[in-house]
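Beneath this line is the structure, given in structure tokens, with notes to follow.
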Amino acid sequence: MMPEPATEEIPAVRLANITVRLGNRVVLEDVTADVPAGVITAVIGPNGAGKTTLLKAILGLVPYEGRVTFPGFKNRPSFGYVPQALGVDEGSPLTVMDFLLLKLQRRPLWLGRRRSARDEARHQLGAMRAENLADRPLGVLSGGERQRVLLAAALAGRNGGPDILLLDEPASGIDAVGGELFAALLAELTEERGLTTVLVSHDLSVVSAHARRVVCLNRRLMGVGCASETISAETIAAMYGRDSSLFLHDHHPKEG
């Protein structure tokens, strides 16, 4: 049975007192926050702040103390995930189409490619403005092209796309223009498909322009709320320390 969609009034994800330990080291400590449905929530903070660990806790990939619940869904929601990068040998013959088909059909590719799976793959590539990449080897793509393919893969599915989309610094290694284009595309898809999107990012200008809600981390929760109220000089200083001025350039919070 498909989950009933969440509404913005009911959070899609509720994090209650989340603590994660790796050995004797506390990676996240007592983090409590709601992720609203149908919009982009950005997770920001310095390196080592626990941002990726928070995504893994939502996905159930790391043991944690506390509770992760999904109040807006009758059943457990489905997830899509976009990592920072995909390591592929430049000489690999695997094409973009075959990469997507590995997710979209159960039978091995050498037994044939299902028409329905090919159609779904082309549909998702079209949504990424990446139809021209279908027959190109993954290994020769630029960083921006590869991230669009990873986003297409995250949104593709045999039973429909995900309810919740998680992205771990997807614009890492992409130039500023490419990062903004990727973020604008992500915002468009989030709105069109009613996705609940959780985006880990270091780019405060992108976060301010496209995120409705911001979660600020430095192992502990440093702030949570709408971007215009939460991304302040005080919060940035608490997260990044004396070099915080480096993170405040070209920063214009989005209202709402």
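Largest GNM mean-square fluctuation across 181, 217, 61, computed for the chain with C-alpha springs under 10 Å, falls on 61. Close amide H partners of residue 43, meaning residues 5 or more places away or on another chain with modelled amide H under 5 Å apart, are 199, 200, 201, 215. Couplings 3J(HN,Hα) of region 48-64, computed from phi: x, 7, x, 5, 5, 4, 5, 4, 5, 5, 4, 7, x, 9, 10, x, 8 Hz, in residue order, whole Hz [Karplus 6.51 cos²θ - 1.76 cosθ + 1.60, θ = phi - 60°; x for Gly and Pro]. Proximity of backbone amide H atoms, modeled 1.01 Å from N, is registered between residue 12 and 35, 37 at under 5 Å, excluding neighbours fewer than 5 places apart on the same chain.
Calculated mean residue ellipticity, 222 nm, the chain: -9500 deg cm²/dmol, from DSSP H runs (n ≥ 4) at -39500 (n - 2.57) each, averaged per residue and rounded to 500. One entry in (1) 12.5; (2) 14.6; (3) 20.5 is mean projected area of the Cα convex hull in nm² calculated from the shown coordinates; its label is (2).
Each reported figure results from applying straightforward, stated rules to the coordinates on display, with no laboratory input. Because the structure is predicted, anything quoted here is derived from the model rather than measured.
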